[in-house]
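**Q** Shown below is the structure under consideration.
The values are calculated or read from the model by the stated rules, or taken from the named source; none is laboratory data. Everything numeric here is computed off the predicted structure, so don't read it as measured data. Neighbour counts run over all protein chains shown; Cβ positions are idealised from the backbone, glycine included.
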Amino acid sequence: MIGSGVYPMEKITSRSNEKIKYASALLSASKRRECGEFLLEGARLCSDAAQSGVEIVRAFFTADALSRYGEYISVISAVCKECCEIDSGISGRLSDTENTQGVFCVCKMRDASAVPLKKGGRYLMLENVQDPSNTGAIFRTCEALGIDALILSGGCDIYNPKALRAAMGSSLRMDVIFAADPVSYIESNSGSAVFLACVPSADARDITQALKDCGERATVCVLGNEGAGLTGEVISACGERVTIPMKGRAESLNVSVAAAIAAWESVK
């Protein structure tokens, strides 16, 4: 039983408690970068993190959460370094949602070590994709379809609370490669991988045919910002321009939809 002595908990009743102030500050991207930690919210999401090997430094549960989400909280508590019970009024300071479940975890960010592109691997690369909902949805789709890793250059912080919720745990499990300079990354890996610049252009090659011709080489479908698309420099660095053929009067697709199609075409 949580809180019965098996998992002894400190009880926090003040919103000005230092642990609460620190956890709340992690809702800021600059604080996350400074500390290398992030705040995760939600019973199932925190439980998934615990099962996925994410290092949980500290957890906070309201009394209501302890009574309603005991199974999830047991999983969290088994790997967490420190568990605290908080008053329900404090949860509003930690929550990024309208109706919080009262379960929060302070977690360590993963190491940003480079993952080599493997022969025959299938990857997506995002250049400056800003919307956290799009970023999270792309993670979720890529994990479901079996994409080997996501390569990120600029854009949304993957530890943004909205991005974490949209990913539903996928961003905590999938391999992620951070490429600060997308052109340099593409050029340094072009010997072992084919980079395909995804553009909404009728004169670009059909993505299905282009992927068929990649053979056993690693393939990377590169997608750009929601409004501006890929930069000219990134398009030039890629080996080929490809497009998703569209009918009707639509000029382009939402980037998360385009990413889902590109991922499906890559692995099918």
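**Q** Please go through the range 127-147 and pick out each residue that is surrounded by fewer than 22 Cβ atoms within 10 Å (Cβ to Cβ) and either of a type in the set (Asp, Glu) or in a strand (DSSP E or B) (or both).
**A** Asp131, Glu143
**Q** Listed residues Ser252, Ser192; which is touching a strand residue (DSSP E or B) at 6+ places or on another chain (Cβ under 7 Å) and at pLDDT below 95?
**A** The conditions single out Ser192.
**Q** Does any residue in the range 4-26 that is over 21 Å from Pro161 (Cβ atoms) come within less than 7 Å, Cβ to Cβ, of a residue that is of a type in the set (Asp, Glu) and at pLDDT 90 or above six or more places away or on a different chain, and which pairs are these?
**A** So the pair list comes out as Met9/Glu85; Lys11/Glu85; Thr13/Asp87.
**Q** If you don't mind, there's one more thing I want to ask. Output the number of the condition that Thr219 fails; it satisfies all remaining conditions of (1) part of a loop (DSSP other than H, G, I, E, B); (2) polar (S, T, N, Q); (3) touching a Lys or Arg at 6+ places or on another chain (Cβ under 7 Å).
**A** With respect to (1) part of a loop (DSSP other than H, G, I, E, B); (2) polar (S, T, N, Q); (3) touching a Lys or Arg at 6+ places or on another chain (Cβ under 7 Å), Thr219 is out only on (1).
**Q** If you don't mind, there's one more thing I want to ask. Criterion first (of a type outside the set (Asp, Glu) and either more than 24 Å from Ile12 (Cβ to Cβ) or in a loop (DSSP other than H, G, I, E, B) (or both)) does Val115 satisfy it?
**A** yes
**Q** Follow-up. Just give me the residues in the range 223-249 being touching a Pro at 6+ places or on another chain (Cβ under 9 Å), among the aliphatic types (A, V, I, L, M) and not in a loop (DSSP other than H, G, I, E, B), in sequence order.
**A** Within the range 223-249, Val234, Ala237 qualify.
**Q** From the list Val220, Val183, which one is touching a residue at least 24 places away in the same chain (Cβ under 8 Å), out of contact with any helix residue (DSSP H, G or I) (no Cβ under 7 Å at 6 or more places or on another chain) and either in the same structural domain as Gly136 (by TED's automatic domain parsing) or not small (Gly, Ala, Ser) (or both)?
**A** When all the criteria are applied, what remains is Val220.
**Q** With the structure loaded, tell me whether Ser91 is assigned to a helix (DSSP H, G or I) and touching a residue at least 40 places away in the same chain (Cβ under 8 Å) or whether it fails that test.
**A** It is false that Ser91 is assigned to a helix (DSSP H, G or I) and touching a residue at least 40 places away in the same chain (Cβ under 8 Å).
**Q** Can you report the number of residues in the range 168-194 which are part of a loop (DSSP other than H, G, I, E, B) and surrounded by fewer than 21 Cβ atoms within 10 Å (Cβ to Cβ)?
**A** Number of matching residues: 8.
**Q** Here's something else I'd like to know. If you scan the range 38-53, which residues turn out to be under 15 Å from the mean Cα position of the chain (by Cα) and among the hydroxyl-bearing types (Ser, Thr, Tyr)?
**A** The answer is Ser52, and nothing else.
**Q** Using the structure shown, decide if Arg205 is charged (D, E, K, R) and at pLDDT below 95.
**A** When the stated conditions are applied, Arg205 does not pass them.
**Q** Any idea which residue in the range 51-78 is surrounded by the most Cβ atoms within 10 Å (Cβ to Cβ), counting only those that are within 22 Å of Glu143 (Cα to Cα) and in contact (Cβ under 8 Å) with a residue 40 or more places away in the chain?
**A** Looking at the filtered set, the residue picked out is Val54.
**Q** Tell me, yes or no, whether the range 153-167 has at least one residue that is polar (S, T, N, Q), surrounded by 21 or more Cβ atoms within 10 Å (Cβ to Cβ) and assigned to a strand (DSSP E or B).
**A** Yes - at least one qualifying residue is present in the range 153-167.
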